[in-house]
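Chemist: Handing you a structure now.
The values are calculated or read from the model by the stated rules, or taken from the named source; none is laboratory data. No experiment lies behind these values; they were computed from the predicted model shown. With ideal geometry, Cβ positions are generated from the backbone for all residues, glycine too; neighbour counts draw on all protein chains shown. All accessible areas refer to the heavy atoms of the entire protein, side chains included, with ligands and DNA or RNA removed. Shrake-Rupley method; radii C 1.70, N 1.55, O 1.52, S 1.80 Å.
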Amino acid sequence: MPDQSAFAALFPVRDENVKPLQKLLNAVGQNITKEREVLMDKVEGLLPSTPTRPRERCFLEFHKLTTVHFLRWVLLEPAMDAEGRRISASLAFATDYDGPLNAHIDELITVAGPALDAIFSFCDPAPATGAIKPYLLAAQRPYEAFYRGHPGRSAQQIWGTSNNSEEELRKALGKGLDASPPPATAEDAVTRLRRSAGQSGWKSSPNAGEPQKPSLGSRSSWIFAGAVLLLFVLLSPSWFVRCVVAGVVVLILLILFIGLWGTILNLLDRRDQVRERRLLDQHGPPPDPDGSKDPYVSDRSRRRLMIVTDLENRRGLIQNQMTHVVNIKPGRMRLATLRAVLWAINLLGSRVFVEGKLGDIPTIHFARWILIDDNRRLLFFSNYDFSWESYLGDFIDLASDGLTGIWCNTTFFPQTRIPAWTIIPRALRLVLSTQSRTGNQSAKRLFEQGARREQEFKKWTRDHQVPTQVWYSAYPLLSVVNVNNNTDIARGLFESHSSAELSEWLRKV
């Protein structure tokens, strides 16, 4: 199975290099052609005079990157942290990729070495000649949580340039199914589709993988564990009673610990609200009605929001991107809480939510959270389908507990109340009701308010978004649902089906 992973690196940028670098990145991002390349004449006047300056017709040929799903460069301009200390500008470089990291970096250098040298020459320090690989690896930042919408599938398997991607197969099958005369029965349709696949010359990608399945232990391991437990109960009833008593004691202690922790967080939240109100009184409102409420962001003006929205909903694409950066509230307790929540989300994202949905959200290709600037800020990257409004709406309606659990530990987030002494029963009720869509939905919530304060949450999100100057997708015309459906089509082509399964499979074609 191809291993999908995430690489991110941050590089300091001197103040005098912020504007020149910003112009270069804007030129790259705004001039990616339909052939997925950036021509030299679009950026030539913005490049530094270096020995490794690109001299070919193309500055960047994204289409030659076979291991990349998504790639971005984002310039994080100077800002201040939650305690008013200055944070210098930095350049973030991130990819979602297949295979080993070393092989991925080697491909980046082979395909785009001169372009990498040119862009990173604005950073401090700039890479030494011929040393771009150690330069990238030294600046790597690990993620705290990482989610994949279609794990196990390589970029070439999803959308390859040769005739072995699952999208090419779907197109070939579609043409075969539309040919005259129409098939008389479902079995005739399958026979025709199998013939069409053969005639098209389609072959499965050499690095094709299988979809990942939820993994909380195999059925046999649970049966074995149950048998061992039953054996102990039969051989030593007193041991079982002691274990039950110990379990009850641990549960009581856990409830007490989480209750006290949540109570303290609620008290800290009140203190933070007072501090934030004082900051707003001190710095005043933003210069524009649509400007950022947070006085510590790099740019409070409406101009930043206009740039962010202009980079969304690009013509001809169904995918979108988000880069979001916000200060973490001061104190070790906030940082510890944030890390614990992100650890849980990373665990669920890698073990449970592996079939195309984060919770119930079916539109996220890749998402990750990274602590940056000595754990003073939280950086969030997302590659998703459709509009920003629908994306935020899905999060609010279907995953507000996760949102609130993470970002209630950051500044100016909508007021949140943690039901400290009832959160464990609420969590158990939530787990037991995941397969049910009935009942009182409010009773299934972990947190109160927070992201459910919809308009406040949307405004807070916009306040802390930053422009993604360069964003590349290897398959910009496919949604998460498309990718997973294409895999189902490819896997089911030569499998035997019942009548109901056959009808369901043909609907996907």
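Chemist: With under 17 Å from P114 (Cα atoms), in a strand (DSSP E or B) and of a type outside the set (S, T, N, Q) as the only criterion, which of F59, F7 stands out? First the steps, then the outcome.
Modeler: Working: F7 fails: under 17 Å from P114 (Cα atoms).
Answer to the selection: F59.
Chemist: Could you list, in sequence order, the residues of segment 27-47 that are open to solvent by 30 Å² or more (accessible area, probe 1.4 Å) and in contact (Cβ under 8 Å) with a residue 60 or more places away in the chain? Don't jump to the end; show me each part of the working.
Modeler: Step one: list which residues in segment 27-47 are open to solvent by 30 Å² or more (accessible area, probe 1.4 Å), which gives 30-36, 39, 41-42, 44-46.
Matches in segment 27-47: I32, R36.
Chemist: Determine whether T422 is modelled with pLDDT of 90 or more and either surrounded by 15 or more Cβ atoms within 10 Å (Cβ to Cβ) or in contact with a helix residue (DSSP H, G or I) (Cβ under 9 Å, 6 or more places away or on another chain) (or both). Step through it out loud before you land on a result.
Modeler: Numbers: modelled with pLDDT of 90 or more: no; either surrounded by 15 or more Cβ atoms within 10 Å (Cβ to Cβ) or in contact with a helix residue (DSSP H, G or I) (Cβ under 9 Å, 6 or more places away or on another chain) (or both): yes.
Criteria not met by T422.
Chemist: Now for a separate question. Of the residues that make up segment 325-332, is at least one free of Cβ contacts under 8 Å to residues at least 60 places away in the same chain and among the basic types (K, R)? Please lay out each step first, then the result.
Modeler: Kept after step one, since they are free of Cβ contacts under 8 Å to residues at least 60 places away in the same chain, are these residues of segment 325-332: 332.
If we keep only those that are among the basic types (K, R) as well, we get 332.
Yes: one or more hits.
Chemist: Would a scan of segment 279-289 turn up a residue that is modelled with pLDDT of 90 or more, assigned to a helix (DSSP H, G or I) and over 34 Å from the mean Cα position of the chain (by Cα)?
Modeler: Checked segment 279-289: at least one residue is modelled with pLDDT of 90 or more, assigned to a helix (DSSP H, G or I) and over 34 Å from the mean Cα position of the chain (by Cα).
Chemist: If you don't mind, there's one more thing I want to ask. Farther than 15 Å from A451 by Cβ, touching a His at 6+ places or on another chain (Cβ under 8 Å) and surrounded by 19 or more Cβ atoms within 10 Å (Cβ to Cβ): does that describe L371?
Modeler: Numbers: farther than 15 Å from A451 by Cβ: yes; touching a His at 6+ places or on another chain (Cβ under 8 Å): no; surrounded by 19 or more Cβ atoms within 10 Å (Cβ to Cβ): yes.
Criteria not met by L371.
Chemist: With the structure loaded, tell me whether S298 is within 26 Å of V470 (Cβ to Cβ) and open to solvent by less than 80 Å² (accessible area, probe 1.4 Å) or whether it fails that test. Break it down into steps so the answer makes sense when it comes.
Modeler: On the way: within 26 Å of V470 (Cβ to Cβ): yes; open to solvent by less than 80 Å² (accessible area, probe 1.4 Å): yes.
Here the answer is yes, as S298 does meet what is asked.
Chemist: Output the number of the condition that P12 fails; it satisfies all remaining conditions of (1) at pLDDT 95 or above; (2) part of a helix (DSSP H, G or I); (3) open to solvent by 40 Å² or more (accessible area, probe 1.4 Å).
Modeler: All conditions pass for P12, except number (2).
Chemist: Would you confirm, using the coordinates I've provided, whether A103 is in a helix (DSSP H, G or I) and open to solvent by 10 Å² or more (accessible area, probe 1.4 Å)?
Modeler: Values: in a helix (DSSP H, G or I): yes; open to solvent by 10 Å² or more (accessible area, probe 1.4 Å): yes.
Yes; evaluated as a whole, the condition is true for this residue.
Chemist: Further question on the same structure: When you scan segment 149-163, do you find a residue that is part of a helix (DSSP H, G or I), of a type in the set (S, T, Y) and either surrounded by fewer than 20 Cβ atoms within 10 Å (Cβ to Cβ) or in contact with a strand residue (DSSP E or B) (Cβ under 7 Å, 6 or more places away or on another chain) (or both), even just one?
Modeler: Keep residues of segment 149-163 that are part of a helix (DSSP H, G or I), which gives 155-159.
Next, from what is left, pick out any that are of a type in the set (S, T, Y): none.
Taking every residue of segment 149-163 in turn, none turns out to be part of a helix (DSSP H, G or I), of a type in the set (S, T, Y) and either surrounded by fewer than 20 Cβ atoms within 10 Å (Cβ to Cβ) or in contact with a strand residue (DSSP E or B) (Cβ under 7 Å, 6 or more places away or on another chain) (or both).
Chemist: If you don't mind, there's one more thing I want to ask. Exactly one of (1) surrounded by 15 or more Cβ atoms within 10 Å (Cβ to Cβ); (2) at pLDDT 95 or above; (3) among the β-branched types (V, I, T); (4) over 30 Å from R377 (Cβ atoms) is unmet by T52. Its number?
Modeler: Looking at each condition in turn, T52 falls short on (2).
Chemist: Out of R491, R445, R462, I need the residue that is within 18 Å of the chain's Cα centre (by Cα) and of a type outside the set (S, T, N, Q). Which one?
Modeler: Values: R491 fails: within 18 Å of the chain's Cα centre (by Cα); R445 fails: within 18 Å of the chain's Cα centre (by Cα).
Of the residues listed, the single one that is within 18 Å of the chain's Cα centre (by Cα) and of a type outside the set (S, T, N, Q) is R462.
Chemist: Here is a further query. Cβ contacts < 6 Å: first residue small (G, A, S), restricted to segment 7-26; second residue open to solvent by less than 50 Å² (accessible area, probe 1.4 Å), any location; separation 6+ or different chain. Result?
Modeler: That search, which allows pairs on different chains as well, returns A8/A94; A8/I370; A9/F93; A9/L136; A9/A139.
Chemist: Quick check: is even one residue across segment 245-259 farther than 30 Å from S479 by Cβ, assigned to a helix (DSSP H, G or I), open to solvent by less than 40 Å² (accessible area, probe 1.4 Å) and touching a residue at least 24 places away in the same chain (Cβ under 8 Å)?
Modeler: Yes; the residues of segment 245-259 include at least one that is farther than 30 Å from S479 by Cβ, assigned to a helix (DSSP H, G or I), open to solvent by less than 40 Å² (accessible area, probe 1.4 Å) and touching a residue at least 24 places away in the same chain (Cβ under 8 Å).
Chemist: Name every residue in segment 486-502 that is open to solvent by 50 Å² or more (accessible area, probe 1.4 Å), in a helix (DSSP H, G or I) and of a type outside the set (D, E, K, R), in order of residue number.
Modeler: The answer is S499, A500.
Chemist: A further question on this structure: Check D294, D310 and return the single one that is within 22 Å of F381 (Cβ to Cβ) and free of Cβ contacts under 8 Å to residues at least 60 places away in the same chain. Before the answer, list the steps.
Modeler: On the way: D294 fails: free of Cβ contacts under 8 Å to residues at least 60 places away in the same chain.
That would be D310, the only listed residue that is within 22 Å of F381 (Cβ to Cβ) and free of Cβ contacts under 8 Å to residues at least 60 places away in the same chain.
Chemist: Hey, I345 hits all of (1) under 23 Å from the mean Cα position of the chain (by Cα); (2) open to solvent by 50 Å² or more (accessible area, probe 1.4 Å) but one; which does it fall short on?
Modeler: (2)
Chemist: Something else now. Yes or no: segment 352-359 includes at least one residue that is under 14 Å from T411 (Cα atoms), surrounded by 15 or more Cβ atoms within 10 Å (Cβ to Cβ) and either free of Cβ contacts under 8 Å to residues at least 60 places away in the same chain or charged (D, E, K, R) (or both). Don't jump to the end; show me each part of the working.
Modeler: Just the residues of segment 352-359 that are under 14 Å from T411 (Cα atoms), to begin with: none.
There is no residue in segment 352-359 that is under 14 Å from T411 (Cα atoms), surrounded by 15 or more Cβ atoms within 10 Å (Cβ to Cβ) and either free of Cβ contacts under 8 Å to residues at least 60 places away in the same chain or charged (D, E, K, R) (or both).
Chemist: Report the residue count in segment 127-148 for those that are within 30 Å of G405 (Cβ to Cβ) and either open to solvent by less than 10 Å² (accessible area, probe 1.4 Å) or not basic (K, R) (or both). Outline the logic, then answer.
Modeler: In the first step, residues of segment 127-148 are kept if they are within 30 Å of G405 (Cβ to Cβ); the result is 139-148.
Now restrict to residues that are either open to solvent by less than 10 Å² (accessible area, probe 1.4 Å) or not basic (K, R) (or both): 139-140, 142-147.
Adding up the residues that qualify gives 8.
Chemist: While we're on this one: In segment 9-42, what count of residues is obtained for those that are under 21 Å from P476 (Cβ atoms) and not basic (K, R)? It would help to see each step written out before you state the result.
Modeler: Taking segment 9-42 and keeping what is under 21 Å from P476 (Cβ atoms), we get 25-39, 42.
Filter again for not basic (K, R), leaving 25-33, 35, 37-39.
Number of matching residues: 13.
Chemist: Inspect segment 304-327 for any residue being in a loop (DSSP other than H, G, I, E, B), open to solvent by less than 20 Å² (accessible area, probe 1.4 Å), within 27 Å of R85 (Cα to Cα) and modelled with pLDDT of 90 or more and give the result as yes or no. Talk me through it step by step, then tell me what you get.
Modeler: Taking segment 304-327 as the starting set, the residues that turn out to be in a loop (DSSP other than H, G, I, E, B) are 311-318.
Restricting the remaining residues to those that are open to solvent by less than 20 Å² (accessible area, probe 1.4 Å) gives 312.
Now narrow it down to the ones that are within 27 Å of R85 (Cα to Cα): none.
No, there is no match, as no residue in segment 304-327 is in a loop (DSSP other than H, G, I, E, B), open to solvent by less than 20 Å² (accessible area, probe 1.4 Å), within 27 Å of R85 (Cα to Cα) and modelled with pLDDT of 90 or more.
Chemist: Restricting attention to segment 377-412, report how many residues are open to solvent by 20 Å² or more (accessible area, probe 1.4 Å), touching a strand residue (DSSP E or B) at 6+ places or on another chain (Cβ under 6 Å) and charged (D, E, K, R).
Modeler: 1
Chemist: Follow-up question, since we're still on this one. Could you list, in sequence order, the residues of segment 67-115 that are among the hydroxyl-bearing types (S, T, Y), within 18 Å of the chain's Cα centre (by Cα) and closer than 29 Å to E16 by Cα?
Modeler: Going through segment 67-115, the residues among the hydroxyl-bearing types (S, T, Y) turn out to be 67, 88, 90, 95, 97, 110.
In the following step, the residues that additionally are within 18 Å of the chain's Cα centre (by Cα) were identified as 67, 95, 97.
Selection gives T95 alone.
Chemist: Here are some conditions: (1) closer than 28 Å to H150 by Cβ; (2) small (G, A, S); (3) open to solvent by less than 70 Å² (accessible area, probe 1.4 Å); (4) at pLDDT below 95. S442 meets all but one. Which one does it not meet?
Modeler: Condition (1) is where S442 drops out.
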